[in-house]
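Below you'll find the structure, written out as structure tokens, and then a few comments.
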Amino acid sequence: VKNPLITITELLKIVKGPDFPTGGVIVGKEGIRQVYETGKGKLVVRGKVDFEENAIVIKEVPYQVNKAKLVEKIAELVKEGRLEEVKAVRDESDREGIRIVVELRRGDFEAVVNKLYAYTPLQTTFGVTNLAIVNGVPKILNLKGLIEEFVNHRREVITRRTRYLLKKSEERYHILEGLKIALDNIDEVIALIKSSSSPDEARKDLMERFNLSEVQANAILQMRLQKLTSLEKEAILEEHREIGLKIKEYKEILASQERIDAILVEEIQELSQKYGDDRRTSIVSEMGEITFEDLISLEDNLLVVTSQGYIKRMNLETFRTQRRGGVGVIGVSLRHEDLPKFVSVCNTHHKLLFFSNKGRAYWINTYEIPKQERTGKGVHIKNFISLADGERIVSVLSIPEFEGEAILLTEDGFIKRTGLKEFENAKRAGVVAGGKIKAARIARGDEILIATRLGLAAR
């Protein structure tokens, strides 16, 4: 209203984004910008969670998401084993608000929350179409167009309302004019009415004698005797004066766009003060798409590669610390005549860099290796990387990124340092790492110790 030439960019500094009644979080600002600039778009909306001891507590859900169905979906995922970290889910909501408790068995909070966002309606895509009726025709409007149409609507409401009030005031003023004439000539009016044979005749005589309209004459005939008291006469004269001022004001409003806009702004401010409350939906910067890695609990596992080429990972919790006198537990159950060839600790968010006896390097994500119990036989490594006949894995490195260096030692006694960056494109097909590799290790510190099968060591 105050700045008709304002741009959408300037409006975006004022209108931050949609505010849903159920709260939640809008992820990313680009969707909001698209909606406000074009009138159409999609918003990624997430519920809000909190962490309490060993539980995730959902306190707000996305707009139009059914709470009961959300709880049902989480329970279904737990039953299917897709939320293996979840022990139980409970709906503890009451009149004070939503409270869905997701009790955890293990695993970190962030990974479970990301799974809830990926697999349940805790994250939804809310489609927006700003459709409005403009001059009787449906039209999609951007933010400025929406506000313009709303302002025009309010202007029309104020104009129509003022016209109606003016009409009613003029009708009442007309009656008061007649009553005022009657009070000024009250003795003659009474005598005229008394001499008339019927109300119709009295009405006709009043209209002719005092030049009144039929409405005014009817009002005079219906006037009670109490109106003749000085107090009532003064009230009629005061009402006549006040309505006269109102009529003048209504006409001034209708003749001035500035007056209409001033009323519009005043009424909007009154609405804001009376009904406005704090924002419920928060807006966060773009977080990007949820990757599968985000859905995996961040934890260390035990990685086992066997002499026959089978691989698996296990929970470290499976093996408790053995004190003096401990009898141990079965470490791994393998196929007949199969033995553990390589055992190492790996991280679920790391990459596994494999080196083979043929001098090739491969890598896959740690979470791709099936997680099994101690009794699990593992899966053949050829399901993950393209090994040739006679090719076997001699070393596995767990690395967060392709940064730093690896030390490679070959069967014929040669050693070298190679940047991990050179293996970034290896993936499942593999790349040449060089020589018949006997062992590979991450380069740490300034020195390296090589031990031989005959019990000798070289530093």
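Among residues other than ASP19 with Cβ under 9 Å from its Cβ, the summed charge is +3 (Lys and Arg +1, Asp and Glu -1).
Sorting GLU299, GLU249 by solvent-accessible area of protein heavy atoms yields GLU249, GLU299, largest first, with a 1.4 Å probe.
How much accessible area per residue does the chain have, counting only protein heavy atoms and a probe of 1.4 Å, in square angstrom?
Values: 28270 Å² over 459 residues.
So the chain comes to 62 Å² accessible per residue, rounded to a whole number.
In straight-distance terms, cross-link reach from LYS436 covers every one of the lysines whose alpha-carbon lies under 26 Å from its own, apart from those fewer than eight places away in the same chain; here that gives LYS312, LYS341, LYS351, LYS358, LYS382, LYS416, LYS421, LYS427. Sorting THR9, THR124, THR162, THR375 on solvent-accessible area from highest to lowest, probe radius 1.4 Å, gives THR375, THR9, THR124, THR162.
Take SER197: with every protein chain present and a 1.4 Å probe, its accessible area is about 100 Å².
Find which of PHE423, VAL128, LEU77 sits farthest along the positive direction of the dipole of the chain, computed with +1 on the beta-carbon of Lys and Arg, -1 on that of Asp and Glu, about the Cα centre. The listed residue farthest towards the positive side: PHE423.
Within 14 Å, Cβ to Cβ, of GLN226, how many net charges do the neighbouring residues add up to if Lys/Arg are +1 and Asp/Glu are -1? Computed value for this residue: +1.
If Lys and Arg each add +1 and Asp and Glu each add -1, what is the summed charge of the other residues whose beta carbon sits under 14 Å from the beta carbon of LEU408? Neighbourhood net charge equals +3. Computed over protein heavy atoms with a 1.4 angstrom probe, the accessible surface ordering of TYR117, TYR310, TYR63, largest first, is TYR63, TYR310, TYR117. Shape verdict for the range 338-383, please, from the Cα gyration tensor: rounded (a/c under 1.5), prolate (a/b greater than b/c) or oblate. It is oblate, given that a/c is not under 1.5 and a/b is not larger than b/c. Only helices enter this figure: runs of n ≥ 4 DSSP H residues, each worth -39500 (n - 2.57), summed and divided by the residues of the chain, yield -11000 deg cm²/dmol at 222 nm to the nearest 500. PHE342 contributes about 30 Å² of solvent-accessible surface, heavy atoms of the protein only, 1.4 Å probe. Rounded, prolate or oblate: pick one for the chain, where a ≥ b ≥ c are the square roots of the eigenvalues of its C-alpha gyration tensor, a/c under 1.5 means rounded, and failing that, prolate if a/b is larger than b/c, else oblate. Taking the square roots of the gyration eigenvalues as a ≥ b ≥ c, the chain is prolate.
Can you send over the solvent-accessible area of LEU456, 1.4 Å probe, protein chains only, in Å² to the nearest 10? Looks like 120 Å² after rounding. Label positions at GLU10 and VAL345, each projected 7 Å from the Cα along the C-beta direction, are separated by 6.1 nm. Accessible area of the range 219-290 with a 1.4 Å probe: how many percent of it is carbon plus sulfur? Here it works out to 51 percent.
The values are calculated or read from the model by the stated rules, or taken from the named source; none is laboratory data. Computed from a predicted structure; not experimentally measured. Virtual Cβ from ideal backbone geometry, glycine too; neighbours counted across all protein chains shown. To get the accessible areas, we keep the full protein, side chains included, count just its heavy atoms, and leave off ligands, DNA and RNA. Shrake-Rupley method; radii C 1.70, N 1.55, O 1.52, S 1.80 Å.
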